[in-house]
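*Asks:* The following block contains the structure, expressed as structure tokens.
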């Protein structure tokens, strides 16, 4: 039997250790590719105003993610973070390359009682979305531009930590083990506040889990992933 509360407390104790090693959390709006990012890793986003229940309190994790879980993937940690951040120069972004952005975009519009752009989430790119809807690529980009910018501003303020997990790309990587077990553990620990933006999500798994995640929500977890985290924390350096 696993003890969810004990494992959750240890998880956050490990994140405290990681934050000390990194010299503090970062926010994406202040980050760029020239920083000393590890090639591969796992990231943990907090969200302003979202704290853990219980006597110890502290910020709670609202999104867990990684990258390069296929054998031929060349994705790096920074490239994945940059997809979530959006385009620094224009303030825009591409929600089709980031489920994180897609989910937050829908929740922002629902929170403000606005209509989600009809093209949001459709197609692999604006051109494909336009062909589905009888719109030009330019019209799709214009229709989505304001919401993409809002998403960039929102995600850009979310503090995050990253863990250097420098194993080879593939579905059995230790990055994948840490990601899926962390999501499984945290998604049954309902700490979200009544003001959490995710409560406006159109995804039941997001609303119920308190995480901007869909995969691995509600699954069982193997507490040995915490030992893996501890090992990799010792190998993680500031960016």
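FYI, it's all coordinate maths here, none of it is from the lab. Being a predicted model, the structure only gives us computed values, none of them experimental. Neighbour counts are summed over all protein chains in view; Cβ atoms, including those assigned to glycine, are modelled from backbone coordinates with ideal geometry.
*Asks:* Would segment 59-157 count as rounded, prolate or oblate if I go by the C-alpha gyration tensor, calling it rounded below 1.5 in a/c and otherwise prolate when a/b exceeds b/c, oblate otherwise?
*Replies:* It is oblate, given that a/c is not under 1.5 and a/b is not larger than b/c.
*Asks:* Using only the Cα atoms of segment 11-87, what semi-axes does the equivalent ellipsoid have when each is the square root of 5 times a gyration tensor eigenvalue? Give whole Å, largest first.
*Replies:* They are 25, 14, 13 Å, listed largest first.
*Asks:* Which distance in Å, rounded to a whole number, links the C-alpha centroids of segment 50-98 and segment 113-162?
*Replies:* Using only Cα atoms to place each centre, the spacing works out to 17 Å.
*Asks:* Work out how much length residue 132 to residue 194 would gain on full extension: take 0.36 nm times their residue separation and subtract the Cα-Cα distance, in nm to one decimal.
*Replies:* Length gained between residue 132 and residue 194: 18.6 nm.
*Asks:* Order by neighbour count: 66, 193, fewest other Cβ atoms within 10 Å first, most last. Show your work: numbers first, answer last.
*Replies:* Values: 66 24, 193 14.
In order of increasing Cβ crowding within 10 Å: 193, 66.
*Asks:* Springs between alpha-carbon pairs under 10 angstrom, Gaussian network model over the chain: which of 51, 151, 106 fluctuates most?
*Replies:* Evaluated over the chain, the most mobile residue of the options is 51.
*Asks:* Taking the inverse of the average 1/r across all pairs of different Cα atoms in segment 99-239, what Kirkwood radius in Å do you get?
*Replies:* Computed over segment 99-239, the radius equals 17.4 Å.
*Asks:* Debye calculation, C-alpha points only, no solvent: report log10 I(q)/I(0) for segment 75-118 at q = 0.22, 0.31 Å⁻¹, in the same order as the q values.
*Replies:* After summing over all Cα pairs, the log10 values are -0.77, -1.08.
*Asks:* Run the numbers for residue 88 and residue 222: contour at 0.36 nm per residue of separation, minus the present Cα-Cα distance, in nm.
*Replies:* So the chain would gain 44.4 nm between residue 88 and residue 222.
*Asks:* With labels modelled as points extended 7 Å from the Cα through the Cβ direction, what inter-label distance (nm, one decimal) is found for residue 71 paired with residue 16?
*Replies:* So the label points at residue 71 and residue 16 sit 4.3 nm apart.
*Asks:* Counting each DSSP H run of 4 or more residues in the chain as -39500 (n - 2.57), what helix-only mean residue ellipticity at 222 nm follows after dividing by all residues, to the nearest 500 deg cm²/dmol?
*Replies:* -12500 deg cm²/dmol
*Asks:* Pick from 29, 138, 182: which residue has the top mean-square fluctuation in a GNM of the chain where Cα pairs under 10 Å get a spring?
*Replies:* 138
*Asks:* Normalise the Cα radius of gyration of the chain by 2.2 N^0.38 Å (N = residues in it) and let me know the number.
*Replies:* Cα Rg divided by the expected 2.2 N^0.38 Å: 1.01.
*Asks:* Among 131, 208, 52, which one shows the biggest mean-square fluctuation in a GNM of the chain, springs joining Cα atoms closer than 10 Å?
*Replies:* Largest GNM mean-square fluctuation: 131.
*Asks:* Moving to a separate point now. Can you give the FRET efficiency to the nearest 0.05 for residue 114 and residue 215, using r as the Cβ-Cβ distance and R₀ = 30 Å?
*Replies:* After rounding to 0.05, the efficiency reads 0.60.
*Asks:* Once the Cα atoms of helix 4-22 and of the chain are each reduced to a long axis, what angle between those two axes, in degrees from 0 to 90 to the nearest 10, is obtained?
*Replies:* So the helix axis and the longest Cα principal axis differ by about 80 degrees.
*Asks:* Compute the projected area of the convex hull of the Cα atoms of segment 158-238, averaged over all viewing directions, and report it in nm² to one decimal place.
*Replies:* 6.3
*Asks:* Okay, moving on. Can you give the extra length, in nm with one decimal, that the chain gains between residue 237 and residue 52 once fully stretched, where that is 0.36 nm per residue apart less the Cα-Cα distance?
*Replies:* 64.0 nm
*Asks:* What FRET efficiency comes out for residue 139 versus residue 6 if R0 is 45 angstrom and r is the Cβ-Cβ distance? Round to the nearest 0.05.
*Replies:* 0.25
*Asks:* Give the angle, between 0 and 90 degrees and rounded to the nearest 10, that separates the Cα long axis of helix 174-186 from the longest principal axis of the Cα atoms of the chain.
*Replies:* 90
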